[in-house]
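Report on the following structure.
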Amino acid sequence: MMNDRITLQQPGPGAGKLRPPQVWEPIATVWAHVLFPSGAEVVRAGAEVSIVKCSIRIRARADINTAARVLFKGKAYDVESALPDGRDSRFLFLVCKAVT
């Protein structure tokens, strides 16, 4: 059941491999099913960092790749991979990560 509302975004103009995006442009706002199977807290360079991973199921789209990000409940999640659903080709799984 897809009962969560997410916004898909892509990097704005001027972004590249060596230059992070300053502006994000919306692709679409869609219905999704968001799952948070795990979270981890690690210490990096003396500061505690929280890594949150989630799996998001949406209707299949051709315009989503690992350069995109997802906005959900006010937080941004980087798309780490976009995988087709093995059972139903009408859907796409996004594996996402947020680091805070």
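Condition first: of a type outside the set (A, V, I, L, M, F, W, C) and loosely packed, with under 14 Cβ neighbours inside 10 Å. Now tell me which residues in segment 55-77 satisfy that.
To start, the set of residues in segment 55-77 that are of a type outside the set (A, V, I, L, M, F, W, C) comprises 55, 57, 59, 61, 63, 65-66, 69, 73-75, 77.
Correct list: Arg59, Asp63, Asn65, Thr66, Lys73, Gly74, Lys75.
Among residues of segment 77-89 that are among the polar types (S, T, N, Q), those with a beta-carbon under 6 Å from a residue that is part of a strand (DSSP E or B) at least six positions away or on a different chain give the pairs Ser81/Val95. Has segment 36-54 got at least one residue that is at pLDDT below 85 and surrounded by 14 or more Cβ atoms within 10 Å (Cβ to Cβ)? Yes: one or more hits.
The values are calculated or read from the model by the stated rules, or taken from the named source; none is laboratory data. Please read all numbers here as calculations on a predicted model, not as lab measurements. Reconstructed Cβ throughout: ideal geometry from the backbone, glycine too, with neighbour counts over all protein chains shown.
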